[in-house]
1. Name the residue that is nearest to residue 145 (Cα to Cα), counting only residues in the range 78-93 that are in contact (Cβ under 8 Å) with a residue 60 or more places away in the chain and over 16 Å from the mean Cα position of the chain (by Cα).
2. Is it true that some residue in the range 178-188 is of a type in the set (Lys, Arg), surrounded by fewer than 18 Cβ atoms within 10 Å (Cβ to Cβ) and modelled with pLDDT under 95?
3. Scan the helices (runs of 4 or more DSSP H) fully inside the range 1-72 and keep the ones with 2 or more residues being touching a residue at least 24 places away in the same chain (Cβ under 8 Å) and open to solvent by 10 Å² or more (accessible area, probe 1.4 Å).
4. Within the range 78-102, how many residues are more than 24 Å from residue 133 (Cα to Cα) and of a type in the set (D, E, K, R)?
5. Of the conditions (1) in a loop (DSSP other than H, G, I, E, B); (2) within 30 Å of residue 157 (Cα to Cα), residue 86 satisfies every one except a single condition; which number is it?
6. Given the residues 73, 42, 46, 83, which is the only one that is closer than 23 Å to residue 97 by Cα and out of contact with any Cys (no Cβ under 7 Å at 6 or more places or on another chain)?
7. Give the residue that is farthest from the chain's Cα centre (by Cα), with candidates limited to residues of the range 104-145 that are farther than 26 Å from residue 156 by Cβ and open to solvent by less than 40 Å² (accessible area, probe 1.4 Å).
8. Does residue 96 qualify as being touching a residue at least 60 places away in the same chain (Cβ under 8 Å), open to solvent by 10 Å² or more (accessible area, probe 1.4 Å) and either of a type outside the set (Val, Ile, Thr) or assigned to a helix (DSSP H, G or I) (or both)?
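The values are calculated or read from the model by the stated rules, or taken from the named source; none is laboratory data. Everything numeric in this text was worked out from a predicted model, so none of it was measured. Glycine also receives a Cβ, built like all others from the backbone with ideal geometry; neighbour counts cover every protein chain displayed. We work out accessible area using only protein heavy atoms, side chains counted, and drop any ligands, DNA or RNA first. Shrake-Rupley method; radii C 1.70, N 1.55, O 1.52, S 1.80 Å.
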Amino acid sequence: MPWEKQFDVEQVLGRAMQAFWANGYDATSMQDLVTATGVNRASLYATYGDKREIFLSALRKYDREVRASMLTALAKSDDPVGAIATVFDRFIAQTETEGGNWGCFLTNTALELAPHDAEVAGLVAAAQMEIEAFFRDMVARGQAMGRFPTTRSADELGRHLLASLLGLLVLIRSRPDPQFLKSIRDSALRLFE
């Protein structure tokens, strides 16, 4: 008779994601994952694999449920400026809760692991390209509506917005001051005045 899991696999993976997101890969031990998930070590290994496999599953979950989900919803907006601002604001909003300086799990991973792990680098790069494409599409839409100047290409402005967002996401970790972060967002949005 097969062994039946006594826990929700996706819910437990979500708890592991939170632990890795808050602390990073290296600083999260298997015991930390046991504590965060409430699932014993043997069951974690049997369900998800080793620590690296748990991490990769958690990173993919974040990418799918946080990053991709947010951009898919915002891509439907009729307000390109509002959609762009919302991407920045969702992360800035973290800092308004105690201990809310986690930033972006993908960006944190880019800094910690991507230089040394080709698979992680590929996951992060693909996500960044999709964020850039979202910004580029919003800029092109705003230009077509006559709301944004056309003196710079949507490609160039999309890359600039990506760079501004990534800078903000790094700063959330070290300087989680909402007013400071909002000034960065406002500076990025001034490109469209």
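1. Applying the filter and picking the extreme gives 80.
2. The first filter runs over the range 178-188 and keeps only residues of a type in the set (Lys, Arg), leaving 182, 185.
Going one step further and asking which of them are surrounded by fewer than 18 Cβ atoms within 10 Å (Cβ to Cβ), we end up with 182.
Next cut, modelled with pLDDT under 95 only: none.
No, every residue in the range 178-188 fails to be of a type in the set (Lys, Arg), surrounded by fewer than 18 Cβ atoms within 10 Å (Cβ to Cβ) and modelled with pLDDT under 95.
3. Values: elements: 9-23, 30-37, 41-48, 51-62.
Result: 9-23, 41-48, 51-62.
4. 2
5. (1)
6. On the way: 73 fails: closer than 23 Å to residue 97 by Cα; 42 fails: closer than 23 Å to residue 97 by Cα; 46 fails: closer than 23 Å to residue 97 by Cα.
After applying the criteria, what remains is 83.
7. Pass one, the range 104-145, residues farther than 26 Å from residue 156 by Cβ: 105, 108-109, 112-113, 115-120.
Keeping just the survivors that are open to solvent by less than 40 Å² (accessible area, probe 1.4 Å) gives 105, 108-109, 113, 117, 120.
Working: 105: 5, 108: 9, 109: 10, 113: 15, 117: 18, 120: 14 Å.
Selected residue: 117.
8. Numbers: touching a residue at least 60 places away in the same chain (Cβ under 8 Å): yes; open to solvent by 10 Å² or more (accessible area, probe 1.4 Å): yes; either of a type outside the set (Val, Ile, Thr) or assigned to a helix (DSSP H, G or I) (or both): yes.
Yes: the conditions hold for residue 96.
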